[in-house]
Each structure stands twice: as structure tokens, then as C-alpha cells.
1. Per-residue mean of other chain beta-carbon atoms within 10 angstrom of the beta-carbon, peptide A:20-31?
2. What does the charge dipole of the stretch A:70-118 about its Cα centre add up to, to the nearest 20 debye, if the Cβ of each Lys and Arg holds +1 and the Cβ of each Asp and Glu holds -1?
3. Highest first, please rank the peptides A:195-203, A:247-255 by the mean number of other Cβ atoms sitting within 10 Å of their residues.
4. Mind checking the dipole of the stretch B:46-184: about its Cα centre, +1 per Lys or Arg Cβ, -1 per Asp or Glu Cβ, Debye to the nearest 20?
5. Can you tell me which of B:Asp116, B:Asp57, B:Asp154 moves the most in a GNM of chain B? Springs connect C-alpha atoms under 10 Å apart.
6. Within 10 Å of each Cβ in B:143-151, how many Cβ atoms from other chains are there, averaged over the peptide?
7. Take the alpha-carbon centre of the stretch A:12-80, take the same for the stretch B:54-81, and report the distance between them in whole Å.
8. With a ≥ b ≥ c taken as the square roots of the eigenvalues of the C-alpha gyration tensor of the stretch B:1-122, please select rounded if a/c is under 1.5 and otherwise prolate if a/b is larger than b/c or oblate if it is not?
Number of protein chains: 2
Amino acid sequence: MATSNPSELIAMLRGSESPRAPSLLVTVFGDLVQGEGARIGAPVLGQILELIGVRPDSMRVALHRLRKDGWIASERAGRSSEYYLTEFGRAESMDATPRIYASSPPAESAWLVVFDPAQSNAQTEDGVSLSGSVKITGSPPDGDIAFATCLEPDIALPDWMRRKVCEPEVAEMSKDLAGRLIGLQRNLRPGLNRLEAAALRVLIVHSWRRIVLKTPLLPDHVFPVSWQGPACRAAIADLLSRLPKPELRDLAKIAAT
Amino acid sequence: MATSNPSELIAMLRGSESPRAPSLLVTVFGDLVQGEGARIGAPVLGQILELIGVRPDSMRVALHRLRKDGWIASERAGRSSEYYLTEFGRAESMDATPRIYASSPPAESAWLVVFDPAQSNAQTEDGVSLSGSVKITGSPPDGDIAFATCLEPDIALPDWMRRKVCEPEVAEMSKDLAGRLIGLQRNLRPGLNRLEAAALRVLIVHSWRRIVLKTPLLPDHVFPVSWQGPACRAAIADLLSRLPKPELRDLAKIAAT
């Protein structure tokens, strides 16, 4: 498909299923409304979500739920409402931001660590458990109680180990997303209005966020072979530079016209 | 202690405790009477064991027990008896011989192997288990189901791992024996009669056999740091070349005089 029509670009990226509204809103607030004091009006939110394919009633229910969860708050502003992240929602968003927007993997090296099975309290918190006494971690453990060996990028890791690092479904999602992002890179042309660009940007961040937050802080070479995280990161870095974060007041102006 | 008196050399090697008679007899038969058709007379046996410090009644009880276990058999020869290994006893002795007399470690490399904990039947028989899904083996496993990494000689292995490879008590025994063997190397002079030389030789083999058969088929560098297997092997190779295996008929002649 070769198109530069915004709704077709969004459909190409999204696939047949619309994203779940509460999760998508978390992405919108994290991407566009994370700055201190930032607020987004209901009309802008409505138009971005509509462009992505979320119906107004789904958005209303989702906003209600996020308010109830203490993630966002709202205030009347004339005949409409303005929404913003609570302190809690903002802290959570800031926490996830480095992982979502990172252009490089979250760890450079991986270590296979074997702990004394008789000393389960000697185990570290980080990494992925392979069994009761074996982990893969992003850094070697302190001290000399555990055995640790560096898993070099060219190492032969059995499939069952890779599947414990990252679920095969998540790896498949990354492969699917990488294909869509590359298609988008090829078809994206200048000329989108700012709301369309914002919607596309949000959907790109959202699609990756759903994947990357399900993965551990480990380098790509210990993931399942189908994992396409590096391709996703590279495409996203390029696309987000072509779809820079808009000013909320510019979006409000367009939404009002 | 500087001595070349045979009974003092034997005492120096043996320490304060006499070896258990059945186990010592297994060594005597394995070392001196393993050849096809080989037989040893009761007087020779009695004199060797007496030199080592085993009393005649202990020897009689032990011979009875080994006969009952099917390890040895006996036949009247004039006014005395001759003893020999049964087919079973000989097979068992031959089985242990390469390990006891080896001048080099039983494996050149060690591998840390991590098996899929969900596939316990994929585990190999060899090596030492560290936990339900982790082993140290002397060779890498077949196929690509397990993860394996070579444990190089300079690798840092935690103490608890080394203790699973070889019990600390066994490692301490090797350290104690190495000291005794080095003392023996220093004090041994030519001039022992053949029965005395045979008794000393048997006690050397026996002391090492009690240790080496409690250890796995793994290289020395994964053993506890107190392990002195290499020093024992080197001293034993030297001592056994200075105390070569005697002809049984020569021993019988001396015993009869």
C-alpha cells in the first residue's frame, strides 16, 4: 500500500483493531501532556482519539476510569473541560518515559548468574529468573557468592531461555510492528495537519509502549530470534523526529476551528 | 621426621588410624592380584597387612566378608589357602583402576550447564548437580536444548559451587595425604625387602583410592581450593615407579622364609 492519506497511514500502523481507550489515553498524556502544568482540552483529546479510531463514548468512559484511578484530574474551562496528569500519574509517566523513548537497548551486556540454591535470600531483584537459582541479569552481581558469566552477543542460547527472557507473543508483536513502522517510514509525506501528525505520533509511541514495557532490562541478543526491538527503535527514532511533539495550544486552535 | 625404617615410613604415611581391613584388602587384590589367574597366599596377605598394622583376626573377618560378597574366592593349597578375585571382583577392580592410577585429571575441561527446568528428562547423567537444573560436567551436552559455558581454569567459582563438586572433607584428606606423600618421597631409600616395599606400595594406592573414588570426573580447577589432587597424583607416580609392582611368587618365597 502506497499512500500518504493520514487516515490510511493510521490504519496501516494500527491494523484492524482499535487500541483500548484507557491505555491509549495513558500514552496521549505521557507523550503530549507530561510537562509541568500542561493541560489538554476535551476537543483536542476527542479529535486525536477519533483519528485513531476510538469512539467518543469509549473515551468518556476511559477518562472517567483514569480519574477514578487517580491518574488524571480535570477542571471546567468555559463550556468544556481540561484534563491533566495528577502528581501520581505524572510520576508514573516519567518513570516509563526513558524506556519508551530510548534509542538504544536498556542494557549493554547480559549475565547468566547461578545462585546457591541453599541461600535464596542472596538473590538480586533485577533480571529474569530461569529457575529457582538461575537468572539472566544486566549486570554482574556484587560479591563472590554467585557464579556469573557474561553472555556475549554471539553466544548460543537455547530457545527456552530466550522465551523466558521475553514471551514469544511479545517478540512476534515487535516483528509485526517493525514491518508496519517501516511501511510508515516509506509512505509518510509532509503535509499532515498538526492534529493528524499528533495522532500518528501518539499511535507510534503507543504501539511500542505496549511492547517495550513487557520486556526486561536486558540487551536484545538474549531475546527470542523473532524479536525486532532494534528495528522498532530505529524506525521510531526516525518517525518521531519527522513528527515532533506539537504545542498543545496549537492543537487547541486547530481543534476549535 | 627423617627415617628410612620401613615401619616408620608406613606409620608416617598411615597416621594414627589403621585402615579398615575389608577396604584395604580390596586395594591389595586390585593392585597386586588383578592379573588373570593371579593368586595370593594367606601368609603373604597376612604379612602385608601386619606391616600396615591390621591384626590377623581383622584380616580373617574381612576375607570372610569379601568371599560372602562374591568379591574374592579361595582354594586350599597344601596347609594354607590361596585367594583370588572372582570374575565380579576383577571386573570391579578393573573398572576403578584407570581412575586410581591416572597421572592426569579425569577431564580437561569443565562446563556449567543449565537445563530447561520444565524438561528434567533432558538432563545428562554425567557431572555434578548444583541444583535441579544446573550441572557441572566434563563435556558439553549434545544438542542445543541446554545452555553450556566452559569453565576456564582462571574462572572465579564461588566456594559453594566448589563444595558441591567435592566435599570439603575429601579435599582436606587430599591435602593431608599430599603432605604425607611428599614426606615419604623425601625419606624413601632403597633397601626395603619386597614385602615391605609391597606393603608401602599398597598403602599408597589405598590412601589415594579412598579419596579419588569420592571425586567426580572433573578437572582439578573446579575443586575446592584446598584440593591437592595434582600434588597427590605427581607424588604417587614417582613413588610407584620407585616401588614397582612385585611378582607374587617372589613375595611368597620371602613370606615362607
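1. Working: counts 0, 0, 0, 0, 0, 0, 0, 0, 0, 0, 0, 0.
Counting other chains' Cβ atoms within 10 Å and averaging over A:20-31 gives 0.
2. Values: 4 positive and 7 negative charges, 64 e Å.
Charge dipole, the stretch A:70-118, about its Cα centre: 300 debye, nearest 20.
3. Details: A:195-203: 23.0, A:247-255: 15.2.
Top to bottom by mean Cβ count within 10 Å: A:195-203, A:247-255.
4. Details: 15 positive and 21 negative charges, 178 e Å.
My answer is approximately 860 debye.
5. Among B:Asp116, B:Asp57, B:Asp154, the largest mean-square fluctuation in the Gaussian network model of chain B belongs to B:Asp154.
6. Working: counts 1, 4, 3, 3, 12, 2, 8, 1, 2.
Per residue, the number of nearby Cβ atoms from other chains is 4 on average.
7. Result: 93 Å between the Cα centres.
8. Numbers: a/c = 2.46, a/b = 1.52, b/c = 1.63.
Oblate, since a/c reaches 1.5 and b/c is not below a/b.
Each reported figure results from applying straightforward, stated rules to the coordinates on display, with no laboratory input. As the structure is a prediction and not an experimental result, all values here were calculated from the model. Note: ideal-geometry Cβ built from the backbone for every residue, glycine included; neighbour counts use all protein chains shown.
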